[in-house]
Amino acid sequence: MESLNQLSSSLNRLRASVNVSLSNYEPLALVAAPILTLLLARLLQSFFDVISENGLKATILGFFMSCVKLVPGVKRYIDAEKQKVVDKMQTSGKSKRDDWISELPRTRLGAGVIEKMKDEKQKDVVWQGRCSGTVFAHTNPLHLDVFPSVVRFEAEVVAMTAALLGSKEKASGGQICGNMTSGGTESILLAVKSSRDYMRAKKGITKPEMIIPVSAHSAYDKAAQYFKIKLWRVPVNKQFQADARAIRRHINKNTIMIVGSAPGFPHGIIDPIEELGDLASSFGICLHVDLCLGGFVLPFARKLGYPVPPCDFSVQGVTSISVDVHKYGLAPKGTSIVLYRNHDIRKHQFVAVTEWSGGLYVSPTIAGSRPGGLIAGAWAAMMSLGVEGYLENTRAIMEASKRIQKGVQEIPELFIIGRPDMTIVAFGSDVVDIFEVNDIMSSKGWHLNALQRPNSIHICVTLQHVCVVEDFLKDLRESVQTVKENPGPISGGLAPIYGAAGKMPDRVMVKDLLVDFMDSSC
């Protein structure tokens, strides 16, 4: 007890001494000092982080250049000089691009496309036996100076696609740009990477977070793992759309982007992109729209009179879009596009290397070398079909989709998931095991997609299904009746696996099973 009294007495003397010492200072100074110290510590930490990432020399030079650019007129002069160098580096001057195509042709060009491609190919340099490396197949757009034909094809594919998705609208800002990629996953990866780096430069976010609905494509999970981004998966609403209110509750100072789909892969439902756009605009964050499935259907469905809500660059707040040409664009597999609202965002997609002994290097996408043949194939598909061809295709698949939707609704044991907006029809059942129905359908030669939460399956309708709608519905009715009369898994079916996986509370175990399966398959 005596020791406690001595301790208390000592603390009181210390407090009195400190109060006497601090009485010489203004109260404001006493409050401001720790705050300023904290701010200084954070600034120093940020400075050392930059040095650690870029090196001392580059950091000092960058700081010096930033200061110099604050001088009136200097930044304008430096930018002008840089542009002169870029113009000289371009293999084809802007004057030569005046005749480049920026919109889909109104009518089909058909086989006439081949002659146009031959004419353009004549402008490439004679590379056989004269180029160091460069070509290991036929063309490689990494080398712009050797294959200007592929450069033009890619630029025109991007421009024609952008025109479909709002680049001609006043709300787009007139700076829509992009690149071709190997598929929807790469397009999404690049959009996420670019958004992360853009938001770091714009807002200083170093612990990025991304918010997506549970219906968003798994490519976002891959991007989160690759690029060290914290991922929030938010439940959808009762209509199986992204829930803007739920997403709003997860937005914080580290949020770099939110995501919407048009439509989502699981159920073919378009998210409320305008609501998400308002969110993104109000918080100053990025919004990516996954139009991989809908990019070459929805613009034409709208022209045909279908109710298609705004879901492209006409919506304020949309900063990037992914769209696959190798789906409903009917291009060769391995062709997709990532689009950005402006060049400031897209510049964060590129990788430029200045210190490599192999020379100066810059690449726009994840791949370095890319197959020029796929780019040319995408250009040929779009030019040969034109607006006329895509309208005809869209009319056929939309009508087929509605017939399938109506047919499924007429099967009393089944129900449609939500209200499909496009060409995906997802359905489940409260009467029979839908995965057992899927197994029976597989035995009849149909290959559908199994879904979860809720358990369901879907068919993604394409041109190949237009003539087999009645066959599909007949087999589906029979499969439902078979399972209803004889429930239980069939030999070799996947229903037990999907059923068990859906009931496992330990999702880490399910993940391990998937990884082990993939590891044994390769």
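The values are calculated or read from the model by the stated rules, or taken from the named source; none is laboratory data. Note that the structure is a prediction, hence the values are computed from the model and not measured. So basically every Cβ, Gly included, is an ideal-geometry build from the backbone, and we count neighbours across all protein chains shown. Note: accessible area is taken over every heavy atom of the protein model, side chains too, but ligands, DNA and RNA are not part of it. Shrake-Rupley method; radii C 1.70, N 1.55, O 1.52, S 1.80 Å.
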SASA check, W356, accessible area w/ 1.4 Å probe, all protein chains in place, rounded to nearest 10 Å², comes out at 140 Å²
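Which of the pairs K123/K303; K333/K474; K193/K327 have their Cα atoms more than 27 Å apart in this structure? Before the final figure, lay out the partial values.
Numbers: K123/K303 37 Å; K333/K474 31 Å; K193/K327 24 Å.
Correct reply: K123/K303; K333/K474.
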Enumerate the amide H contacts of S456 below 5 Å, restricted to partners 5 or more residues apart or on another chain; note that Pro and chain-start residues carry no placed amide H.
-> L451
From the Cα centre of region 316-336 to that of region 182-259, the distance in Å is 18 Å
Can you give the relative contact order of region 403-500 as a percent, counting alpha carbon pairs under 8 Å and 6+ residues apart?
-> 31 percent
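Would you rank C467, C460 by solvent-accessible area, highest first, keeping every protein chain in place and using a 1.4 Å probe?
Values: C467 125, C460 40 Å².
Most to least solvent-accessible, the answer reads C467, C460.
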At a Cα cut-off below 15 Å, give the aspartates and glutamates reachable from K444, other chains included and same-chain residues fewer than 8 away excluded.
-> E436, E470, D471, D475, E478
If you take the beta carbon distance between L304 and K474 as r and set R0 to 30 Å, what does 1/(1 + (r/R0)^6) give as a FRET efficiency, to the nearest 0.05?
-> 0.60
Solvent-accessible heavy-atom area per residue, rounded to whole Å², over region 352-452 at 1.4 Å = 44 Å²
Between L36 and E392, 0.36 nm times their residue separation minus their Cα-Cα distance comes to what?
-> 121.5 nm
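Sorted by accessible area (1.4 Å probe), largest first, how do K406, K333 line up? Can you show the working numbers first?
Working: K406 120, K333 150 Å².
Largest to smallest exposure gives the sequence K333, K406.
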How big is the accessible area of F415 in square angstrom, nearest 10, if you roll a 1.4 angstrom probe over the protein chains?
-> 70 Å²
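How do R507, R477, R106 rank by accessible surface area computed with a 1.4 Å probe, from largest to smallest?
Numbers: R507 80, R477 105, R106 155 Å².
From most accessible down to least: R106, R477, R507.
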Where the centre of each part is set by its Cα atoms, how far does region 476-494 sit from region 380-440, in angstrom?
-> 21 Å
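Would you mind counting up the charge near C311? Only other residues with Cβ under 9 Å from its Cβ, with Lys and Arg at +1 and Asp and Glu at -1. Walk me through the intermediate numbers first.
Details: positive: none; negative: D271, E274, D312.
Result for the neighbourhood of C311: -3.
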